[in-house]
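Worksheet: one structure, shown below.
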Amino acid sequence: MNCNRRTFLAAAFAAAFTLNLPAFAAKPLVIGFSQVGAESEWRTANTVSIKDAAKKEGITLKFADAQQKQESQVKAIRSFIAQRVDVIAFSPVVESGWDTVLREAKRANIPVILTDRAVNVSDPSLYVSFLGSDFVEEGRRAGRWLVERQKKTPDAVLNIVELQGTVGSAPALDRKKGFEEVIAGNSKLKMLRSQTGDFTRAKGKEVMEAFLKAEGKKINVLYAHNDDMAIGAIQAIEEAGLKPGKDILVISIDGVKGAFEAMIAGKLNVTVECNPLLGPQLMQIARDVAAGKPVPKRVVTQESVFPAEVAAKEFPNRKY
Ligand code: GYE
């Protein structure tokens, strides 16, 4: 841009500000967001939070649902690049395989914000910020609850089955890791079986049925990487003539309303909170990035643990 043109534009902007001309009003920020899918209550709440926050902030949100497919997310990100959005945000379904498309975004000078789930990339400058929970810690919290619970029956060995989240996803890898870390070396806690239920109720139920068929009454504990799989599994346990929450202790993660209802009904023993309400923070980071302000590389959400004993009291306060 030559000097004259720049002076002209500066003058025009100044005039627009003083006269408040609509033609020069600030353009709304455009964010392209690629969501994992709609696999769980958590995800639904996350989507609502992001859409509501964008609306409230006057931000234009281009929203794409990937139905839990990485190829769809890559396509969505490429289309956001082609549309020249201001900021790209996404919740990566799995951790690996993002280098190429993120390099394309970087070359196009479009900042990328990760929400909820992490990526595994060789160059950390491929994203500007990662907003989400500490999944390893969530796994540890689930494990610690069980270690404490086992102390109530000091002589008993508790056999555990695990329903993992989506294969290769950050929460599945990390929740497994954190839990294992805490129960490692504890001779009273034994992992019998571990398999993916893809974070859905239907798969949670299906895999729990298979676990019950193979192990029957040997199973003392179910650790599910999310509430939806636990809720599906609870149904399988009941259909097998057993009492979830009593015959089989049920531990899960997320803290959605469905989990509180299950706890109040005595069918779920504890849920480790994972907060999906990331919309407002995401919009703030996107605004700051677009304005050239420095943003934190990592923002960890604050969460707690809710055992069944506090479920009825906490239920009215739950927002998702
Ligand atoms: O726990 C699960 C969802 O990535 C934290 O994805 C999220 C997980 C959440 O499907 O319910």
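The values are calculated or read from the model by the stated rules, or taken from the named source; none is laboratory data. Keep in mind that this is a model prediction, so the values were computed, not measured. Note that each Cβ is placed from the backbone with ideal geometry, even for glycine, and that neighbours are counted across all protein chains shown. Note: areas computed on protein heavy atoms with side chains; ligands, DNA, RNA excluded. Shrake-Rupley method; radii C 1.70, N 1.55, O 1.52, S 1.80 Å.
For the reader, a short list of remarks on this structure follows.
- Value of relative contact order over the chain, rounded to a whole percent, pairs C-alpha under 8 Å and six or more apart: 17
- Whole-number D in µm² s⁻¹ for the chain, Kirkwood Cα-pair radius fed into Stokes-Einstein, 20 °C, 1.002 mPa s: 101
- Calculated FRET efficiency for the pair R318/E104, C-beta based, R₀ 51 Å, to 0.05: 0.80
- Given R0 = 41 Å, the distance between the Cβ atoms of I264 and K75 translates into a calculated FRET efficiency of 0.45.
- Anchor K152: aspartates and glutamates whose Cα lies under 17 Å away (excluding residues fewer than 8 positions away in-chain): D247, E309
- Here the extension length gained between N120 and E309 equals 64.2 nm, from 0.36 nm per residue of separation less the Cα-Cα distance.
- In this label model, D52 and A202 are separated by 2.8 nm, measuring between points 7 Å along each Cα→Cβ vector.
- Per residue, the accessible area of segment 121-232 comes to 41 Å² when a 1.4 Å probe rolls over the protein heavy atoms.
- Residues in segment 75-86 carry Karplus couplings, in order, of 4, 4, 5, 4, 6, 5, 5, 4, 7, 6, 5, 6 Hz; the curve used is 6.51 cos²θ - 1.76 cosθ + 1.60 with θ = phi - 60°, and Gly or Pro positions show x.
- Here is the list for segment 235-320: trypsin sites (Lys or Arg not before Pro) lying in DSSP coil, each with at most 10 other C-beta atoms within 10 angstrom of its C-beta, are K319.
- Cα-based shape type of segment 135-274, given that a ≥ b ≥ c are square roots of the gyration tensor eigenvalues and the cut on a/c is 1.5: rounded
- Surface share of carbon and sulfur [accessible, 1.4 angstrom probe, percent] for the chain: 54
- Candidate aspartates and glutamates for bridging to K177, where Cα separation is under 14 Å - those fewer than 8 sequence places away on the same chain excluded: D134, E137, E138, E162
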